[in-house]
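K.L.:
Input: one structure, supplied below.
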Amino acid sequence: MTAAAKTPSTTPMVLAERVCKDYGALQVLKGVTLEVQKGQVLVLVGPSGSGKSTFLRCINHLEEVTAGRLYVDGDLIGYRERGGTLHEMPPREAAKQRRDIGMVFQHFNLFPHRTVLGNIIEAPIHVKRVKKAAALERARDLLDQVGLSEKAEAYPAQLSGGQQQRVAIARALAMNPKLMLFDEPTSALDPELVGEVLDVMKKLASEGVTMLVVTHEMGFAREVADQLVFMDGGVIVEAGNPREVLKNPQHERTKAFLSKVM
Amino acid sequence: MTVDASSPPIIHAVPLRHPWRWVAAIVIIILVLLFLYGAATNEAYGWATFRKYLFDQRISRGAWNTIQLTIYSMLLGLVLGVILAVMRLSPNPVFKSVSWVYLWIFRGTPIYVQLVFWGLFPTLYKNIQLGVPFGPSFFHLDLQNLSIPFILAFVGLGLNEAAYLAEIIRAGISSVPEGQSEASTALGMSWGLAMWRTVLPQAMRVIIPPTGNEFISMLKTTSLVTAIPYSHELYGEQRNIAAVIFQPIPLLLVAATWYLVITSILMVGQHYLERYFSRGISRTLTDKQLEALAKAQMPGEGHI
């Protein structure tokens, strides 16, 4: 399952052990096991309803795992284990875990009542208690990185989709996360705006940011990913080096899916 | 597709006629004129008394008390309403149930009954003490010696209003897309912080117009505080005068005129408030967003 990519350091950034998620009778995840090393990029693909977004949301505990274990940088997510028993985690600690995990959503979810700068400094100031001047300085740096310095005072509604998503990425990076989750970051964008978002993500990958990306952009997967995971029906069907999986899929399901999206 | 150079002639159609609208309007105007003539010539309306008391000092003082009652009870209702709405939506089952029971009682009993009850409050509880049970007392308020009908009046109205405002605020909060609280959660915000910083500010747009309605409605509901009994607001003062001069009809008309004038002023205010908030969404979005979109679609805008 684990791809032989970069040299693995001692603790993997993400370690999923037979992760299951069900909503009553509906089983969305049926035992997902994978490992992402620090600095690696893992791309999750699969048809809609395959559970890839749910898995991503489990990683920062937006969804509760119902069976199996999920670790980020060695910490068990969402629960505390004491003497072999799991305890529900107090909301304060769950929030603490999420601080270090950045998330980018399909529909950006920028705060419409705050400016671009206001969006970026919101969490550093109110969650991490960073001084406003320092937060602003960092925010301007990040805006520069995503190429939107001149939009600092604009409101999200005045930006295009691609610009909004780049601000959303900057907002997540402002918390200095050790892991970035991208949930179909380009699916809501017009085709000609997809590139600018992917460019920012490629740059992050080259800087060694650990990333988990749910996407349908196979070109991005081929170019950037260290691991490609194909999910269907709540399980991992196939995983491995993206170039190999894309060129020479082993399973019928993977072949059928790839023939439709490529 | 080819574009025709010559534009087609502008349509000049014969407009539809609406004869029955005219008939209905004329009939209604005649009926109204007949009623006005009847009212003007009817002695029982007491128009001389109406003119005499329209700007009486007791009436204008009563109107001022009505406005004060409205403002205080709405302020109390708003503060309590926000707390109740947030409690109702919180993940805490204790808060949820407390809020539910509050709404159940205050929306489930008539406001008039509640006001009579608050009027009897000093009979039920002779004084209010704050302290350790069976131990020392830190705070003492004697309800018997205080003249508190005004306080009871606005507290009674405010507690009732809180229940209705809580539902309005809850609807406003629910109107904010789920992605907003999700994004806040993902950034490590607590539930309370996300509510205060992200959700409530956005809910205001939905909350404000119906709250304006409640404000106007409250102005009229203050006439019920006669149940406390408190009789120094507009309706009460009017009744006090009418009881002395035995002329209830002209004084009722005086009070109605004042209510109508104040309500009209509030309605104008509400109109502008609503226009301001609806403009906030539509106009700024289209103009600037279109401009931004046009820019973004220009080639060579891609960064990095």
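The values are calculated or read from the model by the stated rules, or taken from the named source; none is laboratory data. All of these numbers come straight from a predicted model, not from anything done at the bench. Quick reminder, even Gly has a Cβ in these numbers, built from the backbone with ideal geometry, and neighbours come from all protein chains shown. SASA here: full protein model, heavy atoms, side chains in, ligands and nucleic acids out. Shrake-Rupley method; radii C 1.70, N 1.55, O 1.52, S 1.80 Å.
K.L.:
Yes or no: A:Ile121 assigned to a helix (DSSP H, G or I), open to solvent by less than 60 Å² (accessible area, probe 1.4 Å), touching a strand residue (DSSP E or B) at 6+ places or on another chain (Cβ under 6 Å) and more than 9 Å from chain B (Cβ to nearest Cβ)?
P.N.:
No; evaluated as a whole, the condition is false for this residue.
K.L.:
So which residues in the stretch B:48-107 are part of a helix (DSSP H, G or I) and of a type in the set (S, T, N, Q)?
P.N.:
In the first step, residues of the stretch B:48-107 are kept if they are part of a helix (DSSP H, G or I); the result is B:48-54, B:57-89, B:93-107.
Once the filter is applied, which keeps residues that are part of a helix (DSSP H, G or I) and of a type in the set (S, T, N, Q), the stretch B:48-107 yields B:Thr49, B:Gln57, B:Ser60, B:Asn65, B:Thr66, B:Gln68, B:Thr70, B:Ser73, B:Ser97, B:Ser99.
K.L.:
For the subset of the stretch B:184-194 comprising residues that are at the interface with chain A (Cβ under 9 Å from one of its Cβ atoms) and free of Cβ contacts under 8 Å to residues at least 24 places away in the same chain, which member is most open to solvent (accessible area, probe 1.4 Å)?
P.N.:
Checked the stretch B:184-194; the qualifying residue most open to solvent (accessible area, probe 1.4 Å) is B:Ser190.
K.L.:
If you don't mind, there's one more thing I want to ask. Hand me the list of helices (runs of 4 or more DSSP H) wholly inside the stretch B:146-211 holding 1 or more residues that are among the charged types (D, E, K, R) and over 18 Å from B:Val82 (Cα atoms).
P.N.:
Passing ranges, in order: B:178-186.
K.L.:
Which residue, of B:Leu69, B:Leu89, B:Leu80, B:Leu76, is within 27 Å of B:Gly192 (Cβ to Cβ), touching a Phe, Trp or Tyr at 6+ places or on another chain (Cβ under 8 Å) and either in contact (Cβ under 8 Å) with a residue 24 or more places away in the chain or open to solvent by 80 Å² or more (accessible area, probe 1.4 Å) (or both)?
P.N.:
Result: B:Leu76 is the single residue among B:Leu69, B:Leu89, B:Leu80, B:Leu76 that is within 27 Å of B:Gly192 (Cβ to Cβ), touching a Phe, Trp or Tyr at 6+ places or on another chain (Cβ under 8 Å) and either in contact (Cβ under 8 Å) with a residue 24 or more places away in the chain or open to solvent by 80 Å² or more (accessible area, probe 1.4 Å) (or both).
K.L.:
Take the conditions at pLDDT below 90, open to solvent by 30 Å² or more (accessible area, probe 1.4 Å), within 14 Å of chain A (Cβ to nearest Cβ) and out of contact with any helix residue (DSSP H, G or I) (no Cβ under 7 Å at 6 or more places or on another chain) and apply them to B:Arg283. Does it pass?
P.N.:
Against the criterion (at pLDDT below 90, open to solvent by 30 Å² or more (accessible area, probe 1.4 Å), within 14 Å of chain A (Cβ to nearest Cβ) and out of contact with any helix residue (DSSP H, G or I) (no Cβ under 7 Å at 6 or more places or on another chain)), B:Arg283 qualifies.
K.L.:
Would you mind finding the one in B:Phe55, B:Phe106, B:Phe50 that is over 25 Å from the mean Cα position of the chain (by Cα) and in contact (Cβ under 8 Å) with a residue 40 or more places away in the chain?
P.N.:
That would be B:Phe50, the only listed residue that is over 25 Å from the mean Cα position of the chain (by Cα) and in contact (Cβ under 8 Å) with a residue 40 or more places away in the chain.
K.L.:
Surrounded by fewer than 20 Cβ atoms within 10 Å (Cβ to Cβ), at the interface with another protein chain (Cβ under 10 Å from one of its Cβ atoms) and hydroxyl-bearing (Ser, Thr, Tyr): is that true of B:Ser181 in this structure?
P.N.:
When the stated conditions are applied, B:Ser181 passes them.
K.L.:
Next up: Show me the strands (runs of 3 or more DSSP E) found entirely inside the stretch A:1-109 where at least 1 residues are surrounded by fewer than 21 Cβ atoms within 10 Å (Cβ to Cβ).
P.N.:
Answer list for the stretch A:1-109: A:14-23, A:26-36, A:67-72, A:79-82, A:85-88.
K.L.:
Can you name the number of the only condition in (1) crowded, with 18+ Cβ neighbours inside 10 Å; (2) modelled with pLDDT under 95 that B:Trp258 fails?
P.N.:
(2)
K.L.:
Also, I was wondering about something else. Select, from A:Leu136, A:Leu42, the only residue that is within 21 Å of the chain's Cα centre (by Cα) and either modelled with pLDDT under 90 or on the phi < 0 side of the Ramachandran plot (or both).
P.N.:
Step by step, each of A:Leu136, A:Leu42 is checked, and only A:Leu42 is within 21 Å of the chain's Cα centre (by Cα) and either modelled with pLDDT under 90 or on the phi < 0 side of the Ramachandran plot (or both).
K.L.:
With B:Ile241, B:Ile228, B:Ile208 as the choices, which residue is in contact (Cβ under 8 Å) with a residue 60 or more places away in the chain and open to solvent by 20 Å² or more (accessible area, probe 1.4 Å)?
P.N.:
Answer to the check: B:Ile208.
K.L.:
Given the conditions (1) over 31 Å from the mean Cα position of the chain (by Cα); (2) of a type outside the set (S, T, N, Q); (3) open to solvent by 40 Å² or more (accessible area, probe 1.4 Å), report the number of the one that B:Pro149 does not fulfil.
P.N.:
All conditions are met except number (1).
K.L.:
Something else about it: Do we have B:Arg197 as within 19 Å of the chain's Cα centre (by Cα) and open to solvent by 10 Å² or more (accessible area, probe 1.4 Å) here? Walk me through it before giving the result.
P.N.:
On the way: within 19 Å of the chain's Cα centre (by Cα): no; open to solvent by 10 Å² or more (accessible area, probe 1.4 Å): yes.
Considered against the rule, which asks whether it is within 19 Å of the chain's Cα centre (by Cα) and open to solvent by 10 Å² or more (accessible area, probe 1.4 Å), B:Arg197 comes out as no.
K.L.:
In this structure, does A:Val146 turn out to be facing chain B (nearest Cβ under 10 Å) and not small (Gly, Ala, Ser)?
P.N.:
Judged against the criteria, A:Val146 is a match.
K.L.:
I'd like to know if the stretch B:125-132 contains one or more residues that are over 28 Å from A:Arg92 (Cβ atoms), of a type in the set (Gly, Ala, Ser) and either more than 14 Å from chain A (Cβ to nearest Cβ) or touching a residue at least 12 places away in the same chain (Cβ under 8 Å) (or both).
P.N.:
Yes; the residues of the stretch B:125-132 include at least one that is over 28 Å from A:Arg92 (Cβ atoms), of a type in the set (Gly, Ala, Ser) and either more than 14 Å from chain A (Cβ to nearest Cβ) or touching a residue at least 12 places away in the same chain (Cβ under 8 Å) (or both).
K.L.:
Next question, about the same structure. Do we find that B:Glu301 is at pLDDT 70 or above and in contact with a helix residue (DSSP H, G or I) (Cβ under 8 Å, 6 or more places away or on another chain) in this structure?
P.N.:
No.
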